[in-house]
């Protein structure tokens, strides 16, 4: 008879469950949404908004967007303490990092709101 995941996890040791939870978190962050990214560094939307110099509503809208300007994404990542890198991958070739973010200006709130809205 097949067992459920809950039944399998029930018999695992606390140490094993902790290793599994840590690995799940690691895998989730490899494919993180902006919400997950913000939470992973322990920031609220309000705190991130203050760092970006925008309102909390702008952060909320940005986190829900499926499409945005690269400068908006770069600023979001930078405000969480990270660095945005863009890499192009091709079959039969090593990845190529695209260096273009140093030329992007930091937007003021009106620019950010217009791009996020």
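Quick rundown of the values:
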| read-out | value |
| --- | --- |
| Pair list, Cβ < 7 Å and 6+ apart or interchain, from the stretch 34-47 residues that are in the same structural domain as residue 63 (by TED's automatic domain parsing) and farther than 17 Å from residue 74 by Cα to residues that are in a helix (DSSP H, G or I) and modelled with pLDDT of 90 or more | 46/56 |
| Residue match in the stretch 46-64 (condition: within 30 Å of residue 24 (Cα to Cα), part of a loop (DSSP other than H, G, I, E, B), out of contact with any strand residue (DSSP E or B) (no Cβ under 8 Å at 6 or more places or on another chain) and modelled with pLDDT of 90 or more) | no |
| Those residues of the stretch 61-87 which are loosely packed, with under 14 Cβ neighbours inside 10 Å and either touching a helix residue (DSSP H, G or I) at 6+ places or on another chain (Cβ under 9 Å) or touching a residue at least 12 places away in the same chain (Cβ under 8 Å) (or both), in sequence order | 64, 70, 81, 82, 83, 85, 86 |
| The stretch 1-27 residues that are more than 23 Å from residue 40 (Cβ to Cβ), paired with ones that are part of a helix (DSSP H, G or I) (beta carbon under 7 Å, 6 or more apart) | 9/17 |
| Members of the stretch 1-43 found to be farther than 21 Å from residue 71 by Cα and in a loop (DSSP other than H, G, I, E, B), listed by number | 1, 2, 3, 4, 11, 12, 13, 42 |
| Total residues in the stretch 65-103, condition outside any helix (DSSP H, G or I) and more than 20 Å from residue 35 (Cβ to Cβ) | 16 |
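The values are calculated or read from the model by the stated rules, or taken from the named source; none is laboratory data. Keep in mind that this is a model prediction, so the values were computed, not measured. When we count neighbours, we look across all protein chains shown, and the Cβ atoms used for this are built from the backbone with ideal geometry, even at glycine.
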